[in-house]
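S.K.: First the structure, then my questions, so here it is.
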Amino acid sequence: MRDLKSVIIFLAFFSFSLNYSKAQTAVNDSIVIHLTDYAKDERFHKFQITLALFMTQGDTIKSMDFENLRPEKNIIIKKPAGYNYYAYGYIFFTGSNVQQNPGYVSVLVCNPFHKHPHMFIDYNQNFDFTDDPRFTLPYFDEPPIEFELANSSDSLARIKVQLTRNKLFGKADFKKYMDEYYAYTYKGRIFAGIEYTYREQRFLARSGIMTMESDSFRIALYDANSNGFYNDADTDKVVFINYNDTIFDATNSLSYQVISSKANENYFEKNGNVFQILYADKLGKKLIIKPTQTSNGLGRIKKGKKVPNVKLNFATGEKKKLRKFKRKELYIYFAGPNTKNFDSDTLLLRQIAALDSNHLKVICVLYLKKSYDLSIYQDQAKPNYYLVNGTRELSKQLGIRSLPQSLYLGKRRRVKEYGLKPNEFMRFYLQK
């Protein structure tokens with residue numbers, strides 16, 4: 001009898017555990033991604049932001065005046081001893097709300113004309129540089145220094161900044177122009193000289209890896225307003241790239257989703273899968289998303305509705321409106337050379353284009369960095385389908401939010417289906 005009772009208790013516990021496990025599985029439909037690394041965005045290498053330095057006047061520096069757009073203020077500072085010359089500059093950071101110099105963090109560079117000057121960053125923004133850590137600035141071609149800036153209201157809210165010495169060898173005219181610019185724009189200050197400036201590059205993204213059974217890609221939270229917080233509604237972004245890529249493009253609407261204040265708009269699509277953004281950590285340390293079958297919030301045009309009569313720029317140089325194909329069905333494939341399965345998908349496009357050329361036309365909308373690369377691709381690939389230049393406006397009008405993607409249109413531009421991969425479309429069309 002005792003053994004029977006033990007079996008009953010065990011079965012009851014097993015049943016409870018099984019149900020609990022199922023509940024956990026339901027909860028675990030959401031995916032937690034830990035964003036452990038700072039990452040570079042598309043503008044990291046393109047932007048030329050200069051940390052300009054001005055000589056101190058005794059124990060006084062001047063506030064940043066936005067090129068005379070706001071009154072400058074004299075600020076008394078405390079300098080570390082033991083140096084012959086002192087210069088100061090500003091690093092833009094909207095997370096700084098110090099009254100004397102809002103939106104900027106002040107730095108003091110000691111012996112700025114030496115090979116390796118020392119720099120003090122006013123982390124606590126009290127204009128006392130004797131209680132701040134010291135950095136040794138790099139000489140030409142030496143590795144950059146890196147440091148973090150913290151939001152005044154939350155010391156854990158941060159971005160990372162990198163400084164390297166500006167290289168101006170053989171640029172005498174440019175040096176003269178920049179020296180004149182700073183002398184004219186910042187009157188009453190002594191500019192140290194353009195050859196003693198540093199290039200500023202900032203890490204505004206925190207990234208991690210999203211892993212699924214059939215796919216993996218990199219995903220990041222992007223601090224669009226550079227304040228150290230990564231979830232500001234209608235401003236900051238969730239950005240995604242292929243696993244093998246390293247640079248996040250926060251300027252390409254096909255590669256990001258702005259974190260919306262409206263929950264029903266927080267969806268994005270990557271490689272044919274749709275995800276809902278459930279949680280974005282304000283410090284950029286964690287992101288929670290959930291796979292979903294809905295297409296709400298993606299801007300797609302409803303089935304049966306007409307798509308806009310967009311203008312298409314063909315690789316041949318022709319320009320046509322979409323209505324020119326109104327008597328045909330259209331399979332439109334949107335991609336870029338580095339999108340997933342591009343080579344195999346474009347091989348299938350050839351086969352689809354040959355299926356029923358009297359009633360079905362195939363268009364490949366190709367997104368390239370340079371528009372003239374489209375004609376080069378046309379000459380090399382010699383496709384039997386139409387090749388069209390992809391633009392942000394075109395993708396927006398047709399409800400395309402990621403690459404690769406497809407749109408199947410019936411006659412008179414009416415939507416039949418989004419998201420049919422070339423192999424899926426071929427099977428579907430052959431079974432009609």
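S.K.: Any residue at all in the range 358-369 that is open to solvent by 40 Å² or more (accessible area, probe 1.4 Å) and in a strand (DSSP E or B)?
M.R.: Taking every residue of the range 358-369 in turn, at least one turns out to be open to solvent by 40 Å² or more (accessible area, probe 1.4 Å) and in a strand (DSSP E or B).
S.K.: Find the strands (runs of 3 or more DSSP E) located wholly in the range 278-322 whose residues include 3 or more that are within 19 Å of the chain's Cα centre (by Cα) and modelled with pLDDT of 95 or more, and list them. It would help to see each step written out before you state the result.
M.R.: Values: elements: 286-292, 311-313, 319-321.
Those strands (runs of 3 or more DSSP E) span 286-292.
S.K.: Please go through the range 292-343 and give me each residue that is more than 12 Å from GLY410 (Cα to Cα) and of a type in the set (Gly, Ala, Ser), ordered by number.
M.R.: SER295, GLY297, GLY299, ALA315, GLY317, ALA335, GLY336
S.K.: Which residues, taken from the range 227-248, are assigned to a loop (DSSP other than H, G, I, E, B) and either more than 21 Å from PHE92 (Cα to Cα) or touching a Phe, Trp or Tyr at 6+ places or on another chain (Cβ under 6 Å) (or both)?
M.R.: Within the range 227-248, the subset assigned to a loop (DSSP other than H, G, I, E, B) is 227-236, 243-247.
Once the filter is applied, which keeps residues that are assigned to a loop (DSSP other than H, G, I, E, B) and either more than 21 Å from PHE92 (Cα to Cα) or touching a Phe, Trp or Tyr at 6+ places or on another chain (Cβ under 6 Å) (or both), the range 227-248 yields ALA233, ASP234, ASP236, TYR243, ASN244, ASP245, THR246, ILE247.
S.K.: Okay, next question. How about the range 46-66: which of its residues are open to solvent by less than 40 Å² (accessible area, probe 1.4 Å) and either at pLDDT 90 or above or under 14 Å from GLN201 (Cα atoms) (or both)? So that I can check it myself, show each step before the final result.
M.R.: If we filter the range 46-66 for residues that are open to solvent by less than 40 Å² (accessible area, probe 1.4 Å), which is where we start, we get 51-56, 60-65.
Selection gives LEU51, ALA52, LEU53, PHE54, MET55, THR56, THR60, ILE61, LYS62, SER63.
S.K.: Given the criteria touching a Ser or Thr at 6+ places or on another chain (Cβ under 9 Å) and within 30 Å of PHE268 (Cα to Cα), does ARG218 qualify? Explain how you work it out, then say what you get.
M.R.: On the way: touching a Ser or Thr at 6+ places or on another chain (Cβ under 9 Å): yes; within 30 Å of PHE268 (Cα to Cα): yes.
Here the answer is yes, as ARG218 does meet what is asked.
S.K.: Here is a check on your reading of the model: is LEU366 within 20 Å of LYS321 (Cα to Cα), of a type in the set (A, V, I, L, M, F, W, C) and in contact with a strand residue (DSSP E or B) (Cβ under 9 Å, 6 or more places away or on another chain)?
M.R.: Details: within 20 Å of LYS321 (Cα to Cα): yes; of a type in the set (A, V, I, L, M, F, W, C): yes; in contact with a strand residue (DSSP E or B) (Cβ under 9 Å, 6 or more places away or on another chain): yes.
Considered against the rule, which asks whether it is within 20 Å of LYS321 (Cα to Cα), of a type in the set (A, V, I, L, M, F, W, C) and in contact with a strand residue (DSSP E or B) (Cβ under 9 Å, 6 or more places away or on another chain), LEU366 comes out as yes.
S.K.: How many residues are under 23 Å from ARG327 (Cα atoms) and open to solvent by 30 Å² or more (accessible area, probe 1.4 Å) if we restrict to the range 390-418?
M.R.: Number satisfying all stated conditions: 7.
S.K.: Follow-up question, since we're still on this one. In the range 210-226, which residues are part of a strand (DSSP E or B) and either in contact with a strand residue (DSSP E or B) (Cβ under 8 Å, 6 or more places away or on another chain) or of a type in the set (A, V, I, L, M) (or both)? Working first, answer last.
M.R.: First, pick out the residues of the range 210-226 that are part of a strand (DSSP E or B): 210-211, 216-222.
Once the filter is applied, which keeps residues that are part of a strand (DSSP E or B) and either in contact with a strand residue (DSSP E or B) (Cβ under 8 Å, 6 or more places away or on another chain) or of a type in the set (A, V, I, L, M) (or both), the range 210-226 yields MET210, SER216, PHE217, ARG218, ILE219, ALA220, LEU221, TYR222.
S.K.: Can you go through SER207, SER253 and tell me which one is small (Gly, Ala, Ser), within 11 Å of the chain's Cα centre (by Cα) and in a strand (DSSP E or B)?
M.R.: Details: SER253 fails: in a strand (DSSP E or B).
It is SER207.
S.K.: Still on this structure: Would you confirm, using the coordinates I've provided, whether SER253 is polar (S, T, N, Q), more than 27 Å from PRO404 (Cα to Cα) and surrounded by fewer than 21 Cβ atoms within 10 Å (Cβ to Cβ)? First the steps, then the outcome.
M.R.: Numbers: polar (S, T, N, Q): yes; more than 27 Å from PRO404 (Cα to Cα): no; surrounded by fewer than 21 Cβ atoms within 10 Å (Cβ to Cβ): yes.
Here the answer is no, as SER253 does not meet what is asked.
S.K.: A follow-up question, please. Is there any pair with a first residue in the range 200-221 that is more than 17 Å from ARG158 (Cα to Cα) and a second that is buried (at least 23 other Cβ atoms within 10 Å of the Cβ) and of a type in the set (Gly, Ala, Ser) whose Cβ atoms are under 7 Å apart and which are 6 or more apart or on different chains, and what are they?
M.R.: ARG218/SER207; ILE219/SER207
S.K.: Give the number of residues within the range 108-137 that are open to solvent by 40 Å² or more (accessible area, probe 1.4 Å), part of a loop (DSSP other than H, G, I, E, B) and in contact (Cβ under 8 Å) with a residue 40 or more places away in the chain.
M.R.: Adding up the residues that qualify gives 1.
S.K.: Could I ask something else about it? Scanning for something closer than 25 Å to ASN242 by Cα, under 30 Å from the mean Cα position of the chain (by Cα) and among the hydrophobic types (A, V, I, L, M, F, W, C), does the range 369-379 turn up at least one residue?
M.R.: Yes, the range 369-379 contains at least one residue that is closer than 25 Å to ASN242 by Cα, under 30 Å from the mean Cα position of the chain (by Cα) and among the hydrophobic types (A, V, I, L, M, F, W, C).
S.K.: Could you please let me know if TYR230 is over 22 Å from LEU403 (Cα atoms) and of a type outside the set (A, V, I, L, M)? Break it down stepwise before answering.
M.R.: Numbers: over 22 Å from LEU403 (Cα atoms): yes; of a type outside the set (A, V, I, L, M): yes.
For TYR230, the condition - over 22 Å from LEU403 (Cα atoms) and of a type outside the set (A, V, I, L, M) - is met.
S.K.: Sort through ILE76, ILE9 and tell me the only one that's more than 28 Å from the chain's Cα centre (by Cα), at pLDDT 85 or above and not acidic (Asp, Glu). Steps first, answer last, please.
M.R.: Working: ILE9 fails: at pLDDT 85 or above.
Only one candidate qualifies: ILE76.
S.K.: I'm checking my understanding of the structure. Among residues of the range 167-199 that are free of Cβ contacts under 8 Å to residues at least 60 places away in the same chain and over 21 Å from TYR139 (Cβ atoms), which one is most open to solvent (accessible area, probe 1.4 Å)?
M.R.: TYR184
The values are calculated or read from the model by the stated rules, or taken from the named source; none is laboratory data. Remember, it's a predicted structure, so these values are computed and weren't measured experimentally. Don't worry about glycine lacking a Cβ; one is built from the backbone with ideal geometry, like all the others, and counts go over all protein chains shown. Accessible surface areas use protein heavy atoms only, side chains included; no ligands, DNA or RNA. Shrake-Rupley method; radii C 1.70, N 1.55, O 1.52, S 1.80 Å.
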